[in-house]
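Asker: A single structure is presented below for examination.
The values are calculated or read from the model by the stated rules, or taken from the named source; none is laboratory data. None of these values were measured; they are calculated from a predicted model. Counting neighbours? That spans all protein chains shown, and the Cβs are built from the backbone with ideal geometry, glycine included.
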Amino acid sequence: MPDVSPVARAADRLAAHLGQALFGLDGTIRLLLAALLVDGHILLEEVPGTGKTTLAKALARALDLDFARLQFTPDLLPSDVTGLYWFNQQAGAFEFRPGPIFAQVLLADEINRATPRTQSALLEAMAEGQVTIEGRTHALPRPFLVLATQNPVELEGTFPLPEAQLDRFLMRLTLGYPGEADEHAILRRHAAGDGISAVGPLPELADLAALRAAVRAVHVSDAVRGYLVDLVRATRALPDVELGASPRGSLYLHRAAQARAATSGRAFVTPDDVKAVAVPVLAHRLRLETGAQLRGQTGDSVIRRLLAEMPVPVEDG
């Protein structure tokens with residue numbers, strides 16, 4: 001069994017450290033670290049003013065990673081994301097000018113405001129960690145994390161993300177409004193400063209490669225793997241679901257469960273790990289029938305129903 005204690009300590013330290021600037025987001029912070037440890041990307045779906053940008057900046061500072069923020073708008077071009085070749089008259093040659101996607105943490109703010117053409121500029125980067133520009137392939141820095149945001153209640157002037165784009169996000173998360181005590185803490189904290197200035201690099205996260213290797217080595221028994229696969233396959237057979245989770249969904253659920261186990265201090269995955277990450281990993285991959293949507297069903301409710309109905313295997317460690 002791998003030693004996952006450094007992963008658990010890193011998760012605890014990160015949650016406590018970012019708690020200086022963010023309140024009530026302990027679970028979200030742990031999921032963000034889990035995504036980073038398995039090369040995943042995150043879609044943050046929340047109304048404005050709930051701390052999405054602050055969360056992205058604080059995470060990059062704690063991990064000592066390069067950060068870039070790109071505001072997606074209808075007039076944004078793919079080259080504004082990836083970069084372009086320009087002709088240097090003095091040198092008499094074309095030179096490559098990298099775009100903001102070459103950061104280690106990219107905040108793609110309001111991604112659904114850009115056209116599908118510009119949204120597609122992220123597809124290769126998110127799936128393969130590289131971009132191809134004018135026939136030349138450029139590797140992106142590692143680690144590479146896309147944190148994309150979208151406002152779930154504002155539809156005017158937006159372009160819904162296609163299934164191919166949604167499928168490349170490891171998880172879809174919502175922050176929610178803070179509790180009353182947390183909102184008081186936010187006001188007290190900002191009266192003394194912005195909170196971000198207190199966030200600095202953490203030594204526990206300095207060796208991300210070692211933490212990632214420990215997560216990849218987390219054991220998944222045949223019984224738990226079977227439970228995971230059965231859950232994903234069940235989404236494809238439901239009458240209210242037009243499009244179920246893809247095999248990529250199975251792979252991402254497997255990785256996310258491993259990361260959840262490691263950040264919890266266990267070197268093996270339990271059914272509870274699968275259940276804990278099933279909604280954020282799978283719900284956004286489902287496309288429901290129109291009738292189901294009119295009846296108020298959502299991807300979240302479908303996955304929760306499956307979790308309640310599906311038999312759970314006996315844990316064998």
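Asker: Across the stretch 292-317, which residue is farthest from PRO280 (Cα to Cα) among those that are in a helix (DSSP H, G or I) and modelled with pLDDT under 90?
Answerer: LEU294
Asker: From the set of residues in the stretch 10-62 that are among the basic types (Lys, Arg) and in contact with an Asp or Glu (Cβ under 8 Å, 6 or more places away or on another chain), which is nearest to HIS190 (Cα to Cα)? First the steps, then the outcome.
Answerer: Quick first cut of the stretch 10-62, residues among the basic types (Lys, Arg) only: 13, 30, 52, 57, 61.
Filter once more, so that each one left must be in contact with an Asp or Glu (Cβ under 8 Å, 6 or more places away or on another chain): 13, 52.
Values: ARG13: 22, LYS52: 16 Å.
Ranking the candidates gives LYS52 first.
Asker: Quick test for you: out of ALA214, ALA206, ALA237, ALA191, pick the one residue that is loosely packed, with under 14 Cβ neighbours inside 10 Å and either under 30 Å from PRO2 (Cβ atoms) or touching a strand residue (DSSP E or B) at 6+ places or on another chain (Cβ under 9 Å) (or both). Outline the logic, then answer.
Answerer: Details: ALA214 fails: loosely packed, with under 14 Cβ neighbours inside 10 Å; ALA237 fails: either under 30 Å from PRO2 (Cβ atoms) or touching a strand residue (DSSP E or B) at 6+ places or on another chain (Cβ under 9 Å) (or both); ALA191 fails: either under 30 Å from PRO2 (Cβ atoms) or touching a strand residue (DSSP E or B) at 6+ places or on another chain (Cβ under 9 Å) (or both).
Just one listed residue meets the conditions, ALA206.
Asker: Still on this model: Scanning the stretch 296-310 for residues that are free of Cβ contacts under 8 Å to residues at least 24 places away in the same chain and either at negative phi or in contact with a Leu (Cβ under 6 Å, 6 or more places away or on another chain) (or both), which turns out surrounded by the most Cβ atoms within 10 Å (Cβ to Cβ)?
Answerer: Within the stretch 296-310, the first condition is being free of Cβ contacts under 8 Å to residues at least 24 places away in the same chain, and the residues that meet it are 296, 298-301, 305, 308-309.
Subset that is either at negative phi or in contact with a Leu (Cβ under 6 Å, 6 or more places away or on another chain) (or both): 298-301, 305, 308-309.
Values: THR298: 14, GLY299: 19, ASP300: 16, SER301: 15, ARG305: 13, ALA308: 8, GLU309: 8.
Applying the filter and picking the extreme gives GLY299.
Asker: Follow-up. For VAL4, work out the one condition from (1) within 23 Å of ALA148 (Cβ to Cβ); (2) at pLDDT 90 or above it doesn't fulfil.
Answerer: (1)
Asker: Could I ask something else about it? Could we say that ARG136 is closer than 16 Å to GLY83 by Cβ, surrounded by fewer than 15 Cβ atoms within 10 Å (Cβ to Cβ), among the charged types (D, E, K, R) and at pLDDT 90 or above here?
Answerer: Details: closer than 16 Å to GLY83 by Cβ: yes; surrounded by fewer than 15 Cβ atoms within 10 Å (Cβ to Cβ): yes; among the charged types (D, E, K, R): yes; at pLDDT 90 or above: yes.
Here the answer is yes, as ARG136 does meet what is asked.
One line per residue, one yes/no per condition, for (1) without any contact (Cβ under 8 Å) to a residue 24 or more places away in the chain; (2) of a type in the set (A, V, I, L, M, F, W, C); (3) over 16 Å from VAL281 (Cα atoms):
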{"residue": "ALA114", "(1), (2), (3)": "no, yes, yes"}
{"residue": "GLN119", "(1), (2), (3)": "no, no, yes"}
{"residue": "LEU123", "(1), (2), (3)": "no, yes, yes"}
{"residue": "GLY129", "(1), (2), (3)": "no, no, yes"}
{"residue": "THR132", "(1), (2), (3)": "yes, no, yes"}
{"residue": "PHE144", "(1), (2), (3)": "no, yes, yes"}
{"residue": "PRO160", "(1), (2), (3)": "no, no, yes"}
{"residue": "LEU173", "(1), (2), (3)": "no, yes, no"}
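Asker: Which one of these is in contact with a strand residue (DSSP E or B) (Cβ under 7 Å, 6 or more places away or on another chain), assigned by TED's automatic domain parsing to the domain that holds ASP39 and among the β-branched types (Val, Ile, Thr): THR73, THR82? Walk me through it before giving the result.
Answerer: Working: THR73 fails: in contact with a strand residue (DSSP E or B) (Cβ under 7 Å, 6 or more places away or on another chain).
Answer to the check: THR82.
Asker: If you don't mind, another one. Enumerate the helices (runs of 4 or more DSSP H) found wholly within the stretch 202-280, keeping only those where 2 or more residues are among the hydroxyl-bearing types (Ser, Thr, Tyr) and not assigned by TED's automatic domain parsing to the domain that holds ALA34.
Answerer: Details: elements: 208-216, 222-234, 247-263.
Fully inside the stretch 202-280 and qualifying: 247-263.
Here is a yes/no grid of residues against (1) part of a strand (DSSP E or B); (2) surrounded by fewer than 12 Cβ atoms within 10 Å (Cβ to Cβ):
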| residue | (1), (2) |
| --- | --- |
| ARG117 | no, yes |
| ALA121 | no, no |
| GLU124 | no, no |
| THR132 | yes, no |
| VAL146 | yes, no |
| VAL153 | no, yes |
| GLY157 | no, yes |
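Asker: May I pose another question? Could you please let me know if GLU110 is under 23 Å from HIS284 (Cβ atoms), touching a Lys or Arg at 6+ places or on another chain (Cβ under 9 Å) and surrounded by 15 or more Cβ atoms within 10 Å (Cβ to Cβ)? Please lay out each step first, then the result.
Answerer: Working: under 23 Å from HIS284 (Cβ atoms): yes; touching a Lys or Arg at 6+ places or on another chain (Cβ under 9 Å): no; surrounded by 15 or more Cβ atoms within 10 Å (Cβ to Cβ): yes.
For GLU110, the condition - under 23 Å from HIS284 (Cβ atoms), touching a Lys or Arg at 6+ places or on another chain (Cβ under 9 Å) and surrounded by 15 or more Cβ atoms within 10 Å (Cβ to Cβ) - is not met.
Asker: Kindly list the number of the only condition in (1) touching a residue at least 60 places away in the same chain (Cβ under 8 Å); (2) over 28 Å from PRO313 (Cα atoms); (3) of a type in the set (S, T, N, Q) that fails for SER197.
Answerer: Failing condition for SER197: (1).
Asker: Answer yes if at least one residue in the stretch 141-159 is in contact with a helix residue (DSSP H, G or I) (Cβ under 6 Å, 6 or more places away or on another chain) and small (Gly, Ala, Ser), and no otherwise.
Answerer: yes
Asker: May I pose another question? Within the stretch 258-265, does at least one residue satisfy the condition of being surrounded by fewer than 22 Cβ atoms within 10 Å (Cβ to Cβ) and either hydroxyl-bearing (Ser, Thr, Tyr) or in contact with a Cys (Cβ under 9 Å, 6 or more places away or on another chain) (or both)? Steps first, please.
Answerer: Step one: of the stretch 258-265, the residues surrounded by fewer than 22 Cβ atoms within 10 Å (Cβ to Cβ) are 264-265.
Those left that are additionally either hydroxyl-bearing (Ser, Thr, Tyr) or in contact with a Cys (Cβ under 9 Å, 6 or more places away or on another chain) (or both): 264.
Yes, there is a match, as at least one residue in the stretch 258-265 is surrounded by fewer than 22 Cβ atoms within 10 Å (Cβ to Cβ) and either hydroxyl-bearing (Ser, Thr, Tyr) or in contact with a Cys (Cβ under 9 Å, 6 or more places away or on another chain) (or both).
Asker: Go through the residues of the stretch 234-254 one by one and say whether even a single one is closer than 19 Å to LEU14 by Cβ, out of contact with any Lys or Arg (no Cβ under 6 Å at 6 or more places or on another chain) and among the polar types (S, T, N, Q).
Answerer: We begin by selecting, within the stretch 234-254, every residue closer than 19 Å to LEU14 by Cβ; these are none.
Within the stretch 234-254, not a single residue is closer than 19 Å to LEU14 by Cβ, out of contact with any Lys or Arg (no Cβ under 6 Å at 6 or more places or on another chain) and among the polar types (S, T, N, Q).
Asker: For GLY176, work out the one condition from (1) under 15 Å from the mean Cα position of the chain (by Cα); (2) part of a loop (DSSP other than H, G, I, E, B) it doesn't fulfil.
Answerer: The failed condition is (1).
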